[in-house]
Amino acid sequence: MDTVVSLADLKSAVHHWKRQGLSIALVPTMGNLHAGHYALIKAARDHADRVVATVFVNPTQFGEGEDFESYPRTLEADQRGLADHGCDLLYAPPVEDMYPSEPPRATVHVPVVSDGLCGARRPGHFDGVATVVLKLLNRVLPDCALFGEKDYQQLMVLRKMVADLDVPTDVIGVPTVRESDGLAMSSRNQYLTPAERRVAGSLHAALERCVLAIKSGRSVDKSIDAEKKKLARNGFRVDYFELRRASDLAPISRAAQENVLLVAARLGSARLIDNMRFKCEPDTDA
Ligand code: AMP
């Protein structure tokens with residue numbers, strides 16, 4: 001696997017493959033890779049002839065006081081892991097190459113799906129994500145790009161961006177990879193102390209119980225309230241715990257056919273997010 005840092009080297013590798021008629025999959029990441037990221041690489045290999053991963057800690061998607069400076073940067077380990085998992089090319093540009101012009105710059109805002117949930121708690125976050133992903137899509141010109149369902153709102157933002165702006169790339173969602181206790185894998189899990197790590201799996205358990213309660217006919221509000229209280233008892237500070245329509249994240253007060261329950265909570269210095277999609281029979285909806 002080659003690593004390139006300059007746009008010229010990226011373009012020459014990509015042009016070489018395109019001249020041979022090979023298809024390309026893109027997997028954007030911020031590095032510090034784990035099994036969740038490698039599941040995206042594996043899925044990418046099933047969708048295209050060549051896989052390009054990017055490692056770029058994107059400053060424009062971090063808010064003031066967030067962890068941009070301290071975000072774990074482990075490029076050498078990431079290179080080894082990507083090579084082992086069959087990635088063909090790593091693009092790891094410096095910040096000044098991704099943003100060569102002085103601000104203010106053009107940015108992408110994807111309305112409505114960017115609002116609420118993480119968008120409300122992290123103002124500007126999804127504009128930063130959408131903008132950097134569009135730039136990466138324009139630089140790599142991939143046939144498809146793969147994103148984790150762990151970041152469900154992000155996936156919805158990027159799907160809408162690609163659809164609304166006629167970006168000729170298929171967006172593919174990949175199921176969340178979890179630790180054995182259900183905790184969604186995340187680079188930020190390492191901010192947890194051992195004691196916090198022992199209770200962190202209860203976030204996923206809360207989603208599972210809540211889905212069961214809603215499917216059994218208990219009211220959405222009561223089901224969510226009960227789980228929020230349990231999380232608070234375990235030391236979580238819940239940012240949000242909400243039921244949304246899975247197709248477009250529209251707020252709903254009763255389960256629809258395709259639903260997603262989304263949660264974000266702080267545990268110590270870590271902010272954890274997770275979600276669970278579920279279906280309800282149409283008569284439950286009545
Ligand atoms: P990040 O490096 O955190 O920006 O994540 C890069 C990509 O990996 C995003 O599309 C994430 O949704 C995805 N990802 C992160 N963690 C997981 C996970 N546990 N399972 C599946 N995908 C993940």
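The values are calculated or read from the model by the stated rules, or taken from the named source; none is laboratory data. Owing to the predicted nature of the structure, the values given are computational and were not obtained by experimental measurement. We place every Cβ from the backbone using ideal geometry, glycine too, and count neighbours over all the protein chains shown. Each accessible area value is taken on the protein alone, full model and side chains, heavy atoms only, with ligands, DNA and RNA left out. Shrake-Rupley method; radii C 1.70, N 1.55, O 1.52, S 1.80 Å.
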Straight-distance crosslink candidates among lysines, where the alpha carbon sits under 18 Å from Lys222 and sequence neighbours closer than 8 are dropped:
Lys230
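Is segment 175-286 rounded, prolate or oblate when judged by the Cα gyration tensor, a ≥ b ≥ c being the square roots of its eigenvalues, rounded requiring a/c under 1.5 and prolate requiring a/b larger than b/c? Intermediate results must be reported in sequence, preceding the final value.
Working: a/c = 2.26, a/b = 1.84, b/c = 1.23.
Judged from the Cα gyration tensor, segment 175-286 comes out prolate (a/c at least 1.5, a/b above b/c).
Can you tell me, using C-alpha contacts under 8 Å and at least 6 residues apart, the relative contact order of the chain as a whole percent? Provide the component values of the computation, followed by the final result.
On the way: 494 pairs, mean separation 47.0, N = 286.
Computed over the chain, the figure is 16 percent.
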With a bin width of 10 angstrom, please list the P(r) values of segment 65-194 as percents of all Cα-Cα pairs, from the 0 bin to the one holding the largest distance.
10, 33, 43, 14, 1
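Wrap a convex hull around the Cα atoms of the chain, take a quarter of its surface area, and give that in square nanometres.
Details: hull surface 61.9 nm².
Over every viewing direction, the Cα hull of the chain projects on average to 15.5 nm².
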Can you tell me which of Gly21, Gly124, Gly201 moves the most in a GNM of the chain? Springs connect C-alpha atoms under 10 Å apart.
Gly21
Which FRET efficiency value, to the nearest 0.05, do you get for Lys222 and Thr74 by plugging their Cβ-Cβ distance into 1/(1 + (r/R0)^6) with R0 = 41 Å?
0.40
May I have the extent of the alpha carbons of segment 17-109 along their three principal axes, as whole Å values ordered from largest to smallest?
40, 29, 23
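Using only the C-alpha atoms of segment 118-178, find the volume of their convex hull and express it per residue in Å³.
Details: hull volume 5.0 nm³, N = 61.
That works out to 82 Å³ per residue.
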With a 1.4 angstrom probe the carbon and sulfur portion of accessible area for the chain, in percent, totals 50 percent
Among bridges DSSP assigns within the chain, what percent are antiparallel (round to 5)?
50 percent
So, in nm, how far is label Ile252 from label Thr107 when the simple model puts each one 7 Å beyond its Cα toward the Cβ?
3.2 nm
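What Kirkwood Rh does segment 70-109 have if only Cα atoms enter the pairwise 1/r average? Answer in Å. Kindly include the intermediate steps, with their values, before the conclusion.
Details: mean 1/r = 0.0778 Å⁻¹.
Computed over Cα pairs of segment 70-109, the Kirkwood hydrodynamic radius comes out at 12.9 Å.
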Rounded, prolate or oblate (a/c below 1.5 giving rounded, otherwise prolate when a/b exceeds b/c) for segment 1-65 by Cα gyration tensor
oblate
Separation of segment 217-275 and segment 191-209 by C-alpha centroid, Å?
14 Å
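What accessible area per residue comes out for the chain, rounded to a whole number of Å², with a 1.4 Å probe? Write down the numbers at each step before the final one.
Details: 13590 Å² over 286 residues.
Per-residue value: 48 Å².
Quick one: if the Förster radius is 41 Å, what FRET efficiency do Gln20 and Glu281 give, using the C-beta to C-beta distance and rounding to 0.05?
Numbers: r = 49 Å, r/R0 = 1.20.
Computed FRET efficiency for Gln20 and Glu281: 0.25.
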Go ahead and set up a Gaussian network model of the chain, Cα springs under 10 Å, then flag whichever of Tyr152, Tyr38, Tyr71 fluctuates most.
Tyr71
With 22 Å as the limit, write out which pairs from Lys42/Lys215; Lys42/Lys150; Lys18/Lys160 have Cα-Cα distances beyond it, or answer none.
Lys42/Lys215; Lys18/Lys160
Which of the chymotrypsin sites (Phe, Trp or Tyr not before Pro) found in segment 43-103 are in a DSSP loop and have at most 16 neighbouring Cβ atoms, other than their own, within 10 Å?
Phe68
